[in-house]
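K.L.:
Below is a structure I'd like to ask you about.
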Amino acid sequence: MSMRPFVASGASAADLERKAFADDVAYYLRLDPKQLPSRYFYDPLGSALFEAICQLPWYSITRAERRLLAAHAAEILQRVPSLSTMVELGPGSGEKLSMLVAAAPSTASLTVHLVDVSAAALDLATRTLNAYDLKVERHQASYEAGLEALSRRHDRRTLVLFLGSNVGNFDPPGAAEFLRTIRRALRPDDALLIGADLLKSERDLLLAYDDPLGVTAAFNRNLLVRVNRELDADFDIDAFEHRAIWNSVESRVEMHLVSTRRQRVRIAGSRLDLTLEDGETIWTESSYKYRAEEIVAILGRAGFREIDQWVDASDGFALTLVAAA
Ligand code: AVI
């Protein structure tokens with residue numbers, strides 16, 4: 001019987017992902033204040049809880065964006081004619097991209113690129129887009145790696161979609177840098193459509209991030225469930241409360257997990273022993289809120305010029321279409 005040769009190298013993508021998670025947890029929980037990066041919310045349960053958040057009456061981002069796309073999809077496509085390529089960074093279910101595709105006069109020569117680290121998200125979006133007569137290309141990669149791959153292609157005009165106010169989860173220097181990364185992947189006259197949540201009353205913002213049903217609290221606390229499962233940790237989930245605060249100086253909603261007693265936690269997979277004081281918090285997310293004109297200014301500094309902007313005044317949300325200058 002022949003034996004398969006033993007190969008010492010060649011860690012799988014899953015191994016690398018797990019190592020990055022373990023390293024990030026070790027790094028961010030040693031900071032003062034303690035933190036965990038919000039990109040780790042989206043394991044299968046976290047993604048399902050996020051889908052539920054999008055249906056909450058208090059969380060308006062998804063509905064407002066959908067309304068704007070329903071009203072203006074045809075106009076958006078008219079403003080960037082001769083498109084050969086659409087790229088969505090974080091396509092979710094593919095529903096928003098398909099609203100644009102459905103408004104296109106013809107799709108036969110269109111290729112859509114879906115960029116996401118999650119294979120499950122790519123499967124879902126691919127199924128949605130397969131209903132149309134077009135080519136779908138999947139990139140299971142970070143946004144940066146996906147953009148890097150796209151910058152080497154030679155086709156006609158490209159439209160990049162960065163929707164859902166995902167830009168709000170970057171801090172302002174990070175957002176500026178990421179928008180420059182998008183710009184570098186594009187050629188002059190290629191376009192970017194970006195969706196961003198706008199400043200609104202503190203009451204509405206806090207209801208959106210601390211909803212009466214406790215879905216956002218579950219979404220936040222599930223991060224500790226994930227650390228326990230994937231990194232062999234012993235967080236006592238019951239001993240953490242969800243807290244959302246509006247930081248008006250930084251113009252962001254912050255989400256925290258508050259320790260309700262002094263406690264020790266062992267995170268074996270990150271080789272970390274942690275002590276949390278009673279009332280100490282782990283900062284898990286920032287959602288920056290902008291004024292509509294600030295978004296145009298930030299995009300201008302990243303090398304884009306405004307084509308148009310559509311604002312949903314009732315829920316305070318903007319879709320901004322810009323071209324690479
Ligand atoms: C994905 N992102 C734009 C959401 C937001 O509004 O910042 C994530 C979220 N966090 C709590 N609720 C939703």
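The values are calculated or read from the model by the stated rules, or taken from the named source; none is laboratory data. Quick caveat, the model's predicted, so the values are computed rather than measured. Cβ: placed from backbone, ideal geometry, glycine included. Neighbour counts: every protein chain shown.
K.L.:
May I ask you to verify whether V249 is surrounded by fewer than 17 Cβ atoms within 10 Å (Cβ to Cβ) and in a loop (DSSP other than H, G, I, E, B)?
P.N.:
yes
K.L.:
Just to check your reading of the model, which residue among R183, R221 is over 16 Å from the mean Cα position of the chain (by Cα), closer than 16 Å to L36 by Cβ and in a helix (DSSP H, G or I)?
P.N.:
So the residue among R183, R221 that is over 16 Å from the mean Cα position of the chain (by Cα), closer than 16 Å to L36 by Cβ and in a helix (DSSP H, G or I) is R221.
K.L.:
Sort out which residues of segment 182-217 are surrounded by fewer than 18 Cβ atoms within 10 Å (Cβ to Cβ), among the aliphatic types (A, V, I, L, M) and touching a strand residue (DSSP E or B) at 6+ places or on another chain (Cβ under 8 Å), and write them in order of number.
P.N.:
The answer is L199, L206.
K.L.:
Assess whether L179 counts as being buried (at least 19 other Cβ atoms within 10 Å of the Cβ) and either farther than 18 Å from G92 by Cβ or touching a Phe, Trp or Tyr at 6+ places or on another chain (Cβ under 7 Å) (or both).
P.N.:
So L179 passes the test.
Every residue, every condition in (1) touching a Ser or Thr at 6+ places or on another chain (Cβ under 9 Å); (2) under 14 Å from I194 (Cβ atoms); (3) more than 16 Å from the ligand (Cβ to nearest atom), yes or no:
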| position | (1), (2), (3) |
| --- | --- |
| V253 | yes, no, no |
| V265 | yes, no, yes |
| S314 | yes, no, yes |
| A318 | no, yes, no |
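K.L.:
Kindly provide the set of residues from segment 20-46 that are assigned to a loop (DSSP other than H, G, I, E, B) and modelled with pLDDT of 95 or more, ordered by number.
P.N.:
Scanning segment 20-46 gives L29, R30, L31, D32, P33, L36, P37.
K.L.:
Please list, ordered by first then second residue, the pairs with beta carbon atoms under 9 Å, 6 or more apart or interchain, first in segment 155-174 and more than 14 Å from the ligand (Cβ to nearest atom), second assigned to a strand (DSSP E or B) and aromatic (F, W, Y).
P.N.:
What qualifies is P172/Y288.
K.L.:
What do you reckon, is D197 part of a loop (DSSP other than H, G, I, E, B) and acidic (D, E)?
P.N.:
no
K.L.:
Oh, and also: Is there a residue in segment 224-244 that is within 29 Å of V160 (Cβ to Cβ) and buried (at least 20 other Cβ atoms within 10 Å of the Cβ)?
P.N.:
Scanning segment 224-244, I find no residue that is within 29 Å of V160 (Cβ to Cβ) and buried (at least 20 other Cβ atoms within 10 Å of the Cβ), so the answer is no.
K.L.:
Need a quick list: strands (runs of 3 or more DSSP E) entirely within segment 47-147 having at least 1 residues that are in contact with a helix residue (DSSP H, G or I) (Cβ under 6 Å, 6 or more places away or on another chain), in contact (Cβ under 8 Å) with a residue 60 or more places away in the chain and surrounded by 18 or more Cβ atoms within 10 Å (Cβ to Cβ).
P.N.:
83-89
K.L.:
Could you figure out which of (1) in contact with a helix residue (DSSP H, G or I) (Cβ under 8 Å, 6 or more places away or on another chain); (2) at negative phi isn't true of K200?
P.N.:
Exception for K200: condition (1).
K.L.:
Quick check on my filter: what residues within segment 22-50 are of a type in the set (S, T, Y) and more than 16 Å from the ligand (Cβ to nearest atom)?
P.N.:
Passing the criteria: Y27, Y28.
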